[in-house]
Amino acid sequence: MNDICYDITLKDGTYKEYYWRVVNVPVFDDEGSVEFIINSATNITEQRLNEHKYELMLNNAEDSFVLIDRERKILNFNEAYAEKTRDIFGKDPEVGISIMEFALPERVDKVNDILEKVFNGEIVKADLEMTNTDGRNRYFYTTYRPAILENGAIYGALFSVYEKTKEFDTKKELEISEARYRALVENGNDVLFILSPEAKPTYISPSIKNVLGYSQEEAYEMDLMKLVHPDDISIVASELEKCMDKPGEPLEVTPARMKHKDGRYRWFEATITNMLHDPAINGIVDNFRDITDRIEYQEAIAEAKEKYQSLIQTIDGVVWEAEPDSLQTSYMSPQSLPILGHDADVWASTVGFWEDHIHPDDQKKTCDKFIKLTQAGKNHELEYRFKKENGEYIWVRDVITVITEDGIPEVIRGVIIDINKEKELQIELDQVYKIASIGNWEVDMVNDQLYWSEVVKKTFEVDPDFKPELNTAIEFYTKNENRDAVEKVVEKALEVGKSYDIELQITTAKGNRKWIRNIGKPDFRDGKCVRIYGTTQDITERKEAELELKRSNEALVERIKEQRCLYDITNLNEGDLTIPKLLEKAANIIPRAMLFEEFAQARITWHNQHMRT
């Protein structure tokens with residue numbers, strides 16, 4: 001019996017494949033010899049084409065199929081099944097071998113139980129997790145069906161295996177993402193409101209408890225506008241009105257104050273977005289965060305700056321004196337040459353020298369302010385760019401004192417100080433505040449796990465997929481005082497529930513030294529700390545700028561002391577100018593030297609009095 005394929009020419013001249021099954025049956029005579037052969041041919045074209053289609057479907061399907069008999073031996077399988085067995089077991093399936101060779105040892109009993117049910121006519125569905133030869137986990141959805149003959153007899157089982165690894169991984173990632181988002185919304189430092197056009201909340205994030213002290217239930221029952229400071233209500237109302245005209249556009253609003261549950265007002269900055277057009281949200285999204293610490297810090301800086309400005313009224317620099325009416329310079333100190341490159345005598349003798357050397361962009365506003373405040377008899381200071389002898393412009397601060405008599409300006413004195421470096425430092429400091437990013441972290445005390453956000457990982461200069469561990473994370477902190485400080489505040493947080501806000505120095509994974517600000521808050525349940533969470537901020541640039549500014553301020557204070565001594569010497573009455581007084585003033589030109597006589601560069605002796613400087 002043979003199957004034969006012929007290409008037959010049709011009437012229209014085209015060719016078509018036909019399959020025939022040819023059977024040759026010999027007919028014997030009485031002597032046992034072949035008398036003739038009966039030849040029969042059956043058209044099996046449709047059967048062969050159906051078989052071909054079946055094979056194409058079987059081998060091109062995404063699902064894996066394998067057919068076994070009741071002895072659990074493989075009868076047939078498709079290519080998708082063969083690929084999976086190679087990936088998972090490292091070998092190919094073969095017709096005739098037992099399917100149990102491709103069952104995990106711990107699943108042998110379970111597979112046998114399933115097959116018994118299938119051989120009894122049941123359809124069994126189950127999830128299956130397996131591990132590749134490369135260690136990667138894969139997930140499948142399997143269906144076991146009985147293989148039934150036309151007469152209804154069950155001769156085996158058909159397995160179909162659908163891989164759902166991608167769906168599983170995607171679902172897992174989504175669950176993790178949702179968990180992180182929920183943790184941020186519920187426990188982060190930001191509060192999220194969804195407001196109606198009338199500013200009534202339709203959603204309030206649980207984090208309001210951490211930020212304002214109110215529970216969600218309390219907040220829903222409150223008129224939120226009554227929490228706004230009376231002086232800031234108009235600001236908030238104006239920002240909401242702007243938001244209504246710009247749907248879908250995030251707007252950064254002017255900082256405002258809201259009342260904490262403890263009665264204190266806290267400063268907040270916010271971003272609001274009109275999402276009334278989105279049916280899923282149908283409200284104004286208000287995301288705000290507490291910036292009280294920042295505001296208080298800025299106010300402290302402003303106060304310190306005010307004190308600093310009062311100290312530099314007579315600081316060492318280019319000291320000058322002029323007539324208030326003509327602005328003719330009557331005195332210019334010699335420091336004008338080393339500091340600004342201009343000869344003091346030329347400056348003092350040239351009419352309009354000061355005005356002509358102010359930067360064109362600063363000239364009008366500087367001169368106008370100078371004239372206005374001088375005529376009012378007010379001490380003041382000016383900051384402007386001044387042209388040096390070499391043509392370079394530098395920033396200077398001109399500290400001006402107006403001497404009046406009966407309310408009329410009589411003389412003007414001032415000191416011009418080079419603040420170019422200070423200006424650059426201030427610009428850097430302002431830039432740091434503007435672009436500062438804050439990352440979140442959490443220590444799970446129950447499961448001994450540590451989580452870092454992407455921003456924290458970037459700060460510590462580790463790879464995005466880096467997984468921090470509790471026992472090694474401490475090694476990032478600089479040894480001795482920084483590492484001790486971390487351990488101390490964490491210990492207090494665990495023992496007595498004390499939150500902390502600390503600035504520390506670290507060494508990143510790339511070996512770079514950085515300053516960070518760490519804020520941590522313990523979370524206790526049933527008297528036990530279950531986690532510590534908080535934020536980390538890279539403050540390296542700000543810290544270095546502050547340290548440099550502090551050093552500059554200390555130097556300026558010394559220069560102030562020196563200038564005061566010089567000023568006192570030049571203003572001594574000639575009748576009172578005794579040698580002891582002169583020596584005393586001279587010895588105090590560098591006040592710190594008097595504290596360390598052994599390092600003094602000069603010694604003055606007068607009538608058994610020893611002075612070093």
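If you check residue 250 against the conditions, is it farther than 30 Å from residue 444 by Cα, modelled with pLDDT of 85 or more and within 25 Å of the chain's Cα centre (by Cα)? Steps first, please.
Numbers: farther than 30 Å from residue 444 by Cα: yes; modelled with pLDDT of 85 or more: yes; within 25 Å of the chain's Cα centre (by Cα): yes.
Here the answer is yes, as residue 250 does meet what is asked.
Hey, any hits in the stretch 209-222 for a residue that's over 21 Å from residue 499 (Cβ atoms), charged (D, E, K, R) and within 27 Å of the chain's Cα centre (by Cα)?
Step one: list which residues in the stretch 209-222 are over 21 Å from residue 499 (Cβ atoms), which gives 216-222.
From what is left, the residues that are charged (D, E, K, R) are 217-218, 221.
Narrowing further to those that are within 27 Å of the chain's Cα centre (by Cα): none.
No, the conditions are met nowhere in the stretch 209-222.
Sort out which residues of the stretch 224-233 are of a type in the set (Asp, Glu) and open to solvent by 60 Å² or more (accessible area, probe 1.4 Å), and write them in order of number. Give the steps one after another, and end with the answer.
Restricting attention to the stretch 224-233, the residues satisfying the condition of being of a type in the set (Asp, Glu) are 231-232.
Passing the criteria: only 231.
Considering only the stretch 193-208, how many residues are open to solvent by 20 Å² or more (accessible area, probe 1.4 Å) and under 16 Å from residue 290 (Cα atoms)?
1
Let me spell it out: the conditions are (1) open to solvent by less than 60 Å² (accessible area, probe 1.4 Å); (2) at pLDDT below 85; (3) of a type outside the set (Ser, Thr, Tyr), and residue 189 meets all of them except one. Which number is the exception?
(1)
Every residue in the stretch 359-386 that is over 19 Å from residue 422 (Cα atoms), in contact (Cβ under 8 Å) with a residue 24 or more places away in the chain, within 47 Å of the chain's Cα centre (by Cα) and surrounded by 13 or more Cβ atoms within 10 Å (Cβ to Cβ), please.
Correct list: 370, 373, 379.
Looking for something farther than 25 Å from residue 210 by Cα and open to solvent by less than 80 Å² (accessible area, probe 1.4 Å) - is there at least one such residue anywhere in the stretch 515-527?
Within the stretch 515-527, the first condition is being farther than 25 Å from residue 210 by Cα, and the residues that meet it are 515.
From what's left, open to solvent by less than 80 Å² (accessible area, probe 1.4 Å): 515.
Within the stretch 515-527, one or more residues are farther than 25 Å from residue 210 by Cα and open to solvent by less than 80 Å² (accessible area, probe 1.4 Å).
If residue 320 passes every condition in (1) outside any helix (DSSP H, G or I); (2) modelled with pLDDT of 85 or more; (3) within 48 Å of the chain's Cα centre (by Cα) but one, which one does it miss?
Result: residue 320 passes all but (3).
Would you tally the residues in the stretch 256-282 being open to solvent by 80 Å² or more (accessible area, probe 1.4 Å) and in contact (Cβ under 8 Å) with a residue 60 or more places away in the chain?
1
Please state which one of 211, 236, 253 is crowded, with 17+ Cβ neighbours inside 10 Å and touching a Lys or Arg at 6+ places or on another chain (Cβ under 8 Å).
Working: 236 fails: touching a Lys or Arg at 6+ places or on another chain (Cβ under 8 Å); 253 fails: touching a Lys or Arg at 6+ places or on another chain (Cβ under 8 Å).
Residue meeting the stated conditions: 211.
Scanning the stretch 83-104 for residues that are assigned to a helix (DSSP H, G or I) and surrounded by fewer than 16 Cβ atoms within 10 Å (Cβ to Cβ), which turns out nearest to the chain's Cα centre (by Cα)? Write out each step before concluding.
Kept after step one, since they are assigned to a helix (DSSP H, G or I), are these residues of the stretch 83-104: 83-89, 99-102.
Going one step further and asking which of them are surrounded by fewer than 16 Cβ atoms within 10 Å (Cβ to Cβ), we end up with 83, 86-87, 100-101.
Details: 83: 43, 86: 43, 87: 39, 100: 52, 101: 51 Å.
Only one residue fits best here, namely 87.
Step by step: first the residues of the stretch 471-488, then only those that are assigned to a helix (DSSP H, G or I) and within 16 Å of residue 441 (Cα to Cα), then the one that is most open to solvent (accessible area, probe 1.4 Å). Which residue is that?
First, pick out the residues of the stretch 471-488 that are assigned to a helix (DSSP H, G or I): 471-476, 481-488.
Now narrow it down to the ones that are within 16 Å of residue 441 (Cα to Cα): 471-474, 476, 486.
On the way: 471: 110, 472: 52, 473: 14, 474: 39, 476: 29, 486: 17 Å².
Top of the filtered list is 471.
Would the stretch 545-558 turn up any residue that is open to solvent by 50 Å² or more (accessible area, probe 1.4 Å), modelled with pLDDT of 80 or more, of a type in the set (D, E, K, R) and assigned to a helix (DSSP H, G or I)?
Yes, the stretch 545-558 contains a residue that is open to solvent by 50 Å² or more (accessible area, probe 1.4 Å), modelled with pLDDT of 80 or more, of a type in the set (D, E, K, R) and assigned to a helix (DSSP H, G or I).
Within the stretch 118-150, count every residue that is in contact with an Asp or Glu (Cβ under 9 Å, 6 or more places away or on another chain) and on the phi > 0 side of the Ramachandran plot.
So the count comes out to 0.
The values are calculated or read from the model by the stated rules, or taken from the named source; none is laboratory data. Here the structure is a predicted model, which is why all the values come from computation and not from measurement. Cβ sites come from the backbone with ideal geometry, for glycine too, and all protein chains shown count toward neighbours. Accessible surface is based on the protein model in full, side chains and every heavy atom, while ligands, DNA and RNA are left aside. Shrake-Rupley method; radii C 1.70, N 1.55, O 1.52, S 1.80 Å.
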